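I have placed the structure first, in the form of structure tokens, so that the comments after it can refer back to it.
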Amino acid sequence: MNNKKWIPTNYQKDRLISCTKKYIHQKLNDLHKELECPNEFIFDFIKDIQQDWDPDSYKSKSEKLLKNKPKSKNLNY
């Protein structure tokens, strides 16, 4: 198992990650305004999304299984 911690490049940090963070932040602000909900709702909303990315989530475990599954040969009889 690979225990190395992934580190983004400067380009990824400055361009891709920064832009995505700004986009998500704006979308959450828009949602907050549209719903007129308390901040706690947005916080819980983010936590719900975060759980999908947890290494112990079913989603992550499923992705690992699919990634490590050997490709089967297509046998036509």
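Annotations for the structure displayed:
- Within region 32-48, the set of residues being closer than 30 Å to ASN68 by Cβ and exposed (fewer than 10 other Cβ atoms within 10 Å of the Cβ) comprises LYS47, ASP48.
- Residue within region 3-24 that is at pLDDT below 85 and loosely packed, with under 10 Cβ neighbours inside 10 Å present: yes
- The combined condition, being of a type in the set (S, T, N, Q), modelled with pLDDT of 70 or more, open to solvent by less than 80 Å² (accessible area, probe 1.4 Å) and farther than 24 Å from PRO8 by Cα, is fulfilled by ASN29.
- In region 31-41, the condition of being touching a Leu at 6+ places or on another chain (Cβ under 8 Å) and among the aromatic types (Phe, Trp, Tyr) is met by at least one residue.
- For first residues located in region 1-28 and under 23 Å from ASP48 (Cα atoms), partners that are modelled with pLDDT of 95 or more and part of a helix (DSSP H, G or I) and lie 6+ apart or on another chain with Cβ distances below 8 Å form the pairs LEU28/ILE42; LEU28/PHE45; LEU28/ILE46.
- Residue ID - nearest to ILE46 (Cα to Cα), chosen from residues in region 1-34 that are outside any helix (DSSP H, G or I) and of a type in the set (A, V, I, L, M): ILE7
- Verdict on SER72 being at pLDDT below 85 and either open to solvent by 80 Å² or more (accessible area, probe 1.4 Å) or in a loop (DSSP other than H, G, I, E, B) (or both): yes
The values are calculated or read from the model by the stated rules, or taken from the named source; none is laboratory data. Computed from a predicted structure; not experimentally measured. Positions of Cβ are generated from backbone atoms using ideal geometry, with glycine treated the same way; all protein chains shown enter the neighbour counts. Note: areas computed on protein heavy atoms with side chains; ligands, DNA, RNA excluded. Shrake-Rupley method; radii C 1.70, N 1.55, O 1.52, S 1.80 Å.
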